[in-house]
1. Go through (1) assigned to a loop (DSSP other than H, G, I, E, B); (2) at the interface with chain A (Cβ under 9 Å from one of its Cβ atoms); (3) over 19 Å from the mean Cα position of the chain (by Cα) and name the single condition residue B:156 misses.
2. Only one of (1) farther than 12 Å from residue B:85 by Cβ; (2) buried (at least 17 other Cβ atoms within 10 Å of the Cβ); (3) touching a residue at least 24 places away in the same chain (Cβ under 8 Å) is not met by residue B:144, so which one is it?
3. With (1) part of a helix (DSSP H, G or I); (2) in contact (Cβ under 8 Å) with a residue 12 or more places away in the chain as the list, and residue A:127 as the residue in question, which single condition is left unmet?
4. Residue B:18 - would you say it is at pLDDT below 95 and closer than 16 Å to residue A:180 by Cα?
5. What about residue B:130, is it modelled with pLDDT of 95 or more, part of a helix (DSSP H, G or I), in contact with a helix residue (DSSP H, G or I) (Cβ under 8 Å, 6 or more places away or on another chain) and away from chain A (no Cβ under 13 Å)?
6. Looking only at the stretch A:168-191, which residues are within 9 Å of chain B (Cβ to nearest Cβ), assigned to a helix (DSSP H, G or I) and in contact with a helix residue (DSSP H, G or I) (Cβ under 6 Å, 6 or more places away or on another chain)?
7. Does residue B:90 satisfy the condition of being within 14 Å of chain A (Cβ to nearest Cβ), buried (at least 17 other Cβ atoms within 10 Å of the Cβ) and in contact (Cβ under 8 Å) with a residue 60 or more places away in the chain?
């Protein structure tokens with residue numbers, strides 16, 4: 001086992017991990033604000049992928065435009081999902097478990113809807129040529145798709161940080177996460193902030209979907225399930241609600257998965273099972289994850 | 001009373017939680033520039049009344065008129081925009097936000113240039129908050145949190161401030177400070193609706209008061225008169 005093999009595995013791991021991280025950030029942000037594990041997040045990502053697919057293939061848009069437009073359109077899909085599925089529950093003060101089950105329902109609904117409308121046969125994502133370039137340092141290969149994922153991921157996370165910690169809307173988002181009622185008393189239109197949160201989270205899902213598709217260019221209505229669930233594991237492992245936790249968790253899960261396949265090829269077929277072991281282990285040993293928020297005491 | 005303009009007028013307010021009838025037809029008036037108190041035991045429906053006025057809980061029946069406008073169907077943020085605010089029971093500062101962020105969130109609806117000036121006014125009222133402005137609100141003491149909750153409410157530039165049990169769980173010296181501040185706010189032209197279990201202190205600074213029991217107003221009168229009322233003395237002044 002030589003050094004360049006290890007280096008290659010690390011690059012591959014970061015490449016996959018950056019994707020998980022990006023999906024996990026969307027998960028954790030929606031959770032951070034309204035305490036809802038949006039299990040449909042992976043499916044929203046799938047919706048984003050298909051939107052980008054049609055924008056690239058039918059409208060022949062240049063990829064940066066397709067990426068941004070698919071993010072915006074998917075953002076509105078997220079807002080719509082919230083208005084139809086989650087908001088009525090919120091308004092009635094439904095228990096958390098009901099929200100959770102609804103999220104699973106939304107997930108099934110989106111998958112089935114796309115199967116009915118577009119069919120279940122996988123389609124080839126029209127990967128723009130630029131992403132197929134590969135760079136070679138010694139014996140280590142790194143693709144443009146990987147580099148783009150890391151750069152665009154960093155940009156997205158920076159923008160998110162700016163919004164959450166430097167803007168008035170971000171302040172309201174952080175306030176809602178601890179105290180819904182009192183945030184209303186500040187004059188905040190809570191429904192609007194939550195819509196904005198869903199918009200951001202879903203736009204982020206679309207961007208991660210695009211990045212996913214340029215690395216794994218076969219898309220179908222069920223493509224969001226496994227990445228979604230693994231990103232969920234990453235978010236929990238990193239500490240759900242924490243953006244940094246989601247990034248670190250995503251990278252670790254991605255690297256681990258590649259390492260299992262690369263260094264322990266006999267176990268390769270158990271990779272998904274091993275990732276879920278991490279989830280079980282995290283929940284048993286440290287349910288708040290690596291960077292999880294401490295529950296602050298009420299005075 | 002009658003000669004003063006009525007700022008807040010609550011008529012026949014009813015609140016239900018499921019089948020529980022928590023507020024059973026409460027009516028009262030808050031004249032501009034006055035301090036009005038509602039006293040009553042735990043569970044009398046005082047907090048529910050305030051929350052219903054802000055539309056944090058649904059009112060089943062009744063009317064809330066603020067500044068001549070029916071606000072009973074308005075969203076909470078729209079009510080705040082009209083100059084009415086509530087300092088909730090138990091402070092409810094945002095523990096994960098800094099003191100400064102808590103105050104700025106109070107000014108959420110404002111975009112004017114005077115936010116800084118109002119911030120200085122709050123710091124003048126509560127110098128402790130200035131010392132701790134970059135500290136997370138969750139690390140403040142109970143008294144400091146109450147100051148922050150009041151300061152935060154002031155940041156929306158309200159005309160009428162409702163305060164739910166501002167003295168609850170505080171040391172006597174802090175309680176005195178809080179009541180001094182309430183008097184100072186009235187001098188600034190604010191109208192105050194106070195809900196208190198600390199009936200003695202509350203009645204001492206109020207103009208007029210209502211006594212609430214099991215969802216109804218059972219007694220009302222000038223605060224001075226209630227302080228000497230035998231029934232009030234026995235039930236609330238100990």
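1. (3)
2. With respect to (1) farther than 12 Å from residue B:85 by Cβ; (2) buried (at least 17 other Cβ atoms within 10 Å of the Cβ); (3) touching a residue at least 24 places away in the same chain (Cβ under 8 Å), residue B:144 is out only on (3).
3. (1)
4. Working: at pLDDT below 95: yes; closer than 16 Å to residue A:180 by Cα: no.
Considered against the rule, which asks whether it is at pLDDT below 95 and closer than 16 Å to residue A:180 by Cα, residue B:18 comes out as no.
5. Yes.
6. A:171, A:172, A:175, A:177, A:183, A:184, A:190
7. So residue B:90 passes the test.
Let's see how each residue does on (1) under 22 Å from residue A:185 (Cα atoms); (2) under 18 Å from the mean Cα position of the chain (by Cα):
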| site | (1), (2) |
| --- | --- |
| B:21 | no, no |
| B:44 | no, yes |
| B:59 | yes, no |
| B:66 | yes, yes |
| B:87 | yes, yes |
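The values are calculated or read from the model by the stated rules, or taken from the named source; none is laboratory data. All of these numbers come straight from a predicted model, not from anything done at the bench. Note: ideal-geometry Cβ built from the backbone for every residue, glycine included; neighbour counts use all protein chains shown.
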